[in-house]
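What follows is a single structure, written as structure tokens, with notes after it.
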Amino acid sequence: ETGVTQSPTHLIKTRGQQVTLRCSSQSGHNTVSWYQQALGQGPQFIFQYYREEENGRGNFPPRFSGLQFPNYSSELNVNALELDDSALYLCASSSRQESYNEQFFGPGTRLTVL
Amino acid sequence: QQQVKQSPQSLIVQKGGISIINCAYENTAFDYFPWYQQFPGKGPALLIAIRPDVSEKKEGRFTISFNKSAKQFSLHIMDSQPGDSATYFCAAVKNSGGSNYKLTFGKGTLLTVNP
């Protein structure tokens, strides 16, 4: 069974640029959630995708957007990068049922905005 | 507004000792409380979790104590080992019986277990 994978591992961008981060969910999982983890902080929920639609969003501006594909993989896009966007971006996958199911996290993408 | 407050920020324990990390929450709609362990360069991994209908859950050396009336829960690591050195996060899930859920995390505790 393949776990959650994310690419790239590290990324350096400059302020104002756009970035796309990718996530492959664990086999059998159909729901993907994205979290932002600033240095020394706990992860913060960005949004969740199920059946290719956004299903819940945290307190993040519209320049954070996402996609989910038919194979349940997902992308996180951030436009107009700001210095404060520097963080570890975590993807978590789970199987969608009627009640909470454990979210399995990938290793994350470390984004640095200069 | 921080919905889940975690303390201490860092903790140093000798090998064989007990590590205790505390969390408190405000929102009574939270109904599932997991603890995550994160090593450097890795994503968080579920360690142990509890629902508020029980006051304690034990798995090996790890125990969660839950106080519903005080809205507090804690992680106890017995016989702490150097391999336990990691960052620990408490978290809470609201309406876990529904289909729309997210993890709300505390700020984390950096645990160092000295040999």
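Cα to Cα, under 30 Å, and not fewer than 8 places away if on the same chain: which lysines meet these conditions relative to B:Lys58?
Those lysines meeting the cut-off are B:Lys5, B:Lys15, B:Lys42, B:Lys68, B:Lys71, B:Lys94, B:Lys102, B:Lys107.
Hey, what D do you get for the stretch A:29-104 in µm²/s if you plug the Kirkwood alpha-carbon radius into Stokes-Einstein at 20 °C and 1.002 mPa s?
Using the Kirkwood radius from Cα pairs, D works out to 166 µm²/s.
Taking each residue in B:25-38, count the Cβ atoms of any other chain within 10 Å of its Cβ, then average. What number comes out?
Across B:25-38, the average partner-chain Cβ count within 10 Å equals 1.
Taking every residue in B:101-110, how many Cβ atoms of other protein chains lie within 10 Å of its Cβ, on average?
Average neighbour count from other chains, rounded to a whole number: 6.
Using +1 at the Cβ of each Lys and Arg and -1 at the Cβ of each Asp and Glu in chain A, identify which of A:Gly16, A:Phe104, A:Gln36 lies farthest towards the dipole's positive end.
Highest projection toward the positive end goes to A:Gly16.
Quote the Stokes-Einstein diffusion coefficient, in whole µm² s⁻¹, for the stretch A:1-65, based on the Kirkwood radius over alpha carbon pairs, a temperature of 10 °C and a viscosity of 1.306 mPa s.
The diffusion coefficient I find is 117 µm²/s.
Would you mind giving the mean number of other chain beta-carbons within 10 Å of the Cβ of each residue in A:41-48, as a whole number?
Other-chain Cβ atoms within 10 Å of each residue's Cβ, averaged: 6.
Can you sort B:Asp84, A:Asp84 so the residue with the fewest Cβ neighbours within 10 Å comes first?
Arranged by neighbour count, lowest to highest, B:Asp84, A:Asp84 become A:Asp84, B:Asp84.
For the protein assembly as shown, take the convex hull of the Cα atoms, compute a quarter of its surface area, and give me that in nm², please.
Averaged projected hull area, Cα only: 12.5 nm².
Where the eigenvalues come from the Cα gyration tensor of chain B, what are the semi-axes √(5λ) of the equivalent ellipsoid, largest first, in whole Å?
24, 15, 13
Readers should treat all values here as calculations from the given coordinates under stated rules, not as data from a laboratory. Quick caveat: nothing in here was measured; it's all calculated off a predicted structure. Neighbour counts run over all protein chains shown; Cβ positions are idealised from the backbone, glycine included.
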